[in-house]
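See structure below.
The values are calculated or read from the model by the stated rules, or taken from the named source; none is laboratory data. The structure presented is a predicted model; accordingly, all values stated were derived computationally and were not measured. Here the Cβ positions follow ideal geometry from the backbone for every residue, glycine too, while neighbour counts run over all protein chains shown. Just the protein is used for accessible areas: all its heavy atoms, side chains included, with ligands, DNA and RNA removed. Shrake-Rupley method; radii C 1.70, N 1.55, O 1.52, S 1.80 Å.
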Amino acid sequence: MSQEARVLRRIDSADGKRYAELTARGGFYVFEEYAEDRDGEYVFMAPSHCSGLYATQAEAERDMIAQLSWIRDSGAS
């Protein structure tokens with residue numbers, strides 16, 4: 001079985017300052033949130049939340065929406 005990560009879904013915030021990715025990795029599923037950060041004038045996207053492992057994509061998506069309020073509030077589910 002491949003251990004390579006594969007992004008299944010990406011949701012971008014309306015303001016473009018965050019995004020979340022749902023990823024399949026080695027038979028499990030995870031989601032990660034990235035948020036805009038700054039170092040002086042340099043702006044970049046940095047990891048701000050990483051979930052645990054999920055056995056199914058549906059479980060991971062459910063928790064991603066529940067835990068990341070900006071997704072839930074945007075109706076992007």
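Restricting the search to region 23-38, which residues are modelled with pLDDT under 95 and open to solvent by less than 30 Å² (accessible area, probe 1.4 Å)?
The one that is modelled with pLDDT under 95 and open to solvent by less than 30 Å² (accessible area, probe 1.4 Å): Gly26.
Mind listing whichever residues of region 55-77 are under 14 Å from the mean Cα position of the chain (by Cα) and in a loop (DSSP other than H, G, I, E, B)?
Leu68, Ala76, Ser77
If you take the residues in region 1-22 that are under 8 Å from the mean Cα position of the chain (by Cα) and not charged (D, E, K, R), which one is surrounded by the fewest Cβ atoms within 10 Å (Cβ to Cβ)?
Result: Tyr19.
Just to verify a result, which residue in region 23-54, among those that are over 13 Å from the mean Cα position of the chain (by Cα) and among the charged types (D, E, K, R), is farthest from Val7 (Cα to Cα)?
Among those residues, the one meeting the criterion is Glu41.
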